[in-house]
Amino acid sequence: MKQAIGIIGAGNISSIYLENAARFHNTRVQAIADLNLDRARAQAEKYGVPEVLSVEELLNHPDIVAVVNLTIPAAHADIALQAVRAGKHVYNEKPLSIRLEEAQQLLHEATERGLRVGCAPDTFLGGGLQNARKLLDEGAIGEVIGFHAAMLSRGPERWHPDPEFFYQPGAGPLFDMGPYYLTAIAALLGPVASVSGFSRASFPERTIGNGAKQGQSIQVNTPTHVTASLQLHSGVIGTLTTSFDTHWDKYDTLVLYGSEGTLVLPDPNSFGGVTRLWKDGQWTEIQPEHGLTQNSRGVGLSDMLEAHAAQRSHRASGELAYHVLETMHAILNSSEKRCAIALTSAPERPESLTIDQSKGMLD
């Protein structure tokens, strides 16, 4: 049965959530809210949303069981906490929050009220990474020894019409793109135990290259080139680099090295993609058979609602997102203090999403 959800935030990312809500068997959008009501009305008209409301009206709507929080990162914790206090489950876009203390409070209050907190990214539930998960669980590369993860770009101001927030605390390449890689690593290999990081803000200003604000300058207030070494609880060690400062982007984004072979994984910011296996001196390309290979943002929300009804753990959980948030903070803290930082959180690896399960989630 489809359950009524409300969306707060009608920006760029809202379109895919609005489109996909109709695809999943248990979600439908009842209302949308935004500080810019004209923007909310435009999205409601385009996607057939019945109601355009203020944030307060949406949070108090008697039919809405879950809120999808698509506000800017600085508002994630506040809006999510308001939703929980209004008796709603909440699913945040990443990151879960900017501050660890706010994220802890959110998870605590949700647990106290018997409510669920979920968080993007849910790309690790797509066919590409679930295909890689299956290969790992089957022992395709033997014991995993290490990994290499990288997101290298010249920055979103080249294409994004309103990119200022990317260069403020709580964003930058680590907080904006790091969650895709760190979530994939935790989901595939288990949680991080400790990190050692280095970071820099290479350029004090950026220039917007697209849209109505083209030519305007942005003051950079967060690191824009970050690299870290990570040790997992399993003993696996690896590296992560995220950058808005590089010109070269022809690279493998996530590689796992094992005792018997190597896996080159699809982009963690996608749901599909081929997994490449190097074994016995040759490459093999393995296509996903999974039902979720197109952009399926919202699958984490659907799974959260399904899990609540079945009284099981959901996969794109607040606990997993908190671990990712703690890892990112630890990387920046390590860079400032010039020492390794141990993490306090260690969530269980999420259950895999089988091919049959993924197909059953779609109408």
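Worth pointing out:
- Test: His290 is modelled with pLDDT of 95 or more and on the phi < 0 side of the Ramachandran plot: no
- Residue match in region 214-234 (condition: assigned by TED's automatic domain parsing to the domain that holds Ile185, of a type in the set (Val, Ile, Thr), under 16 Å from Leu182 (Cα atoms) and in contact (Cβ under 8 Å) with a residue 12 or more places away in the chain): yes
- Condition met for Asn295 (within 22 Å of Ile7 (Cα to Cα) and surrounded by fewer than 20 Cβ atoms within 10 Å (Cβ to Cβ)): yes
- Output for region 135-145, where each listed residue is surrounded by 16 or more Cβ atoms within 10 Å (Cβ to Cβ) and either modelled with pLDDT under 95 or not β-branched (Val, Ile, Thr) (or both): Leu135, Leu136, Ala140
- Look at (1) more than 23 Å from Ser270 (Cβ to Cβ); (2) buried (at least 22 other Cβ atoms within 10 Å of the Cβ); (3) not small (Gly, Ala, Ser) and you find that Ile7 fails only one, number (1).
- Among the criteria (1) at pLDDT 95 or above; (2) surrounded by 15 or more Cβ atoms within 10 Å (Cβ to Cβ), the one Gly209 does not fulfil is (1).
- One residue stands out in region 174-197 among those that are under 11 Å from Thr242 (Cβ atoms) and touching a helix residue (DSSP H, G or I) at 6+ places or on another chain (Cβ under 8 Å): the one that is surrounded by the fewest Cβ atoms within 10 Å (Cβ to Cβ), namely Asp176.
- Yes/no for Phe166 being over 24 Å from Pro288 (Cα atoms) and either under 15 Å from the mean Cα position of the chain (by Cα) or aromatic (Phe, Trp, Tyr) (or both): yes
- Flag if Glu205 is within 30 Å of Thr354 (Cβ to Cβ) and out of contact with any Leu (no Cβ under 9 Å at 6 or more places or on another chain): no
- Ala77 in contact with a strand residue (DSSP E or B) (Cβ under 7 Å, 6 or more places away or on another chain), at pLDDT 95 or above and among the hydrophobic types (A, V, I, L, M, F, W, C): no
- Search result, residues across region 24-52 that are touching a helix residue (DSSP H, G or I) at 6+ places or on another chain (Cβ under 8 Å) and of a type in the set (A, V, I, L, M, F, W, C): Phe24, Val29, Ala31, Ile32, Ala33, Leu35, Val49, Val52
- Some residue of region 92-101 being outside any loop (DSSP other than H, G, I, E, B), under 20 Å from Ser317 (Cβ atoms), acidic (Asp, Glu) and at pLDDT 95 or above: yes
Okay, residues lined up against (1) touching a strand residue (DSSP E or B) at 6+ places or on another chain (Cβ under 6 Å); (2) among the basic types (Lys, Arg); (3) at pLDDT 95 or above:
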{"site": "Ile5", "(1), (2), (3)": "yes, no, yes"}
{"site": "Ser15", "(1), (2), (3)": "no, no, yes"}
{"site": "Asp38", "(1), (2), (3)": "no, no, yes"}
{"site": "Arg41", "(1), (2), (3)": "yes, yes, yes"}
{"site": "Lys46", "(1), (2), (3)": "no, yes, yes"}
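- Qualifying residue in region 330-349 (condition: buried (at least 24 other Cβ atoms within 10 Å of the Cβ), within 15 Å of the chain's Cα centre (by Cα) and part of a helix (DSSP H, G or I)): no
- Selection status of Glu112, without any contact (Cβ under 8 Å) to a residue 12 or more places away in the chain, at negative phi, outside the structural domain of Thr241 (by TED's automatic domain parsing) and not in a loop (DSSP other than H, G, I, E, B): yes
- Unique match (being within 14 Å of the chain's Cα centre (by Cα), crowded, with 17+ Cβ neighbours inside 10 Å and among the aliphatic types (A, V, I, L, M)) among Ala110, Ala150, Ala132, Ala171: Ala171
- Residue selected from region 269-328 under the condition among the β-branched types (Val, Ile, Thr) and in a helix (DSSP H, G or I), by the criterion nearest to Thr354 (Cα to Cα): Val299
- When residues of region 242-263 are limited to those that are in contact with a helix residue (DSSP H, G or I) (Cβ under 9 Å, 6 or more places away or on another chain) and part of a strand (DSSP E or B), the one surrounded by the most Cβ atoms within 10 Å (Cβ to Cβ): Thr242
The values are calculated or read from the model by the stated rules, or taken from the named source; none is laboratory data. Everything quoted here is computed from the prediction, not taken from an experiment. Methodologically, a virtual Cβ is constructed for each residue, glycine included, from the backbone with ideal geometry; neighbour enumeration extends over all protein chains shown.
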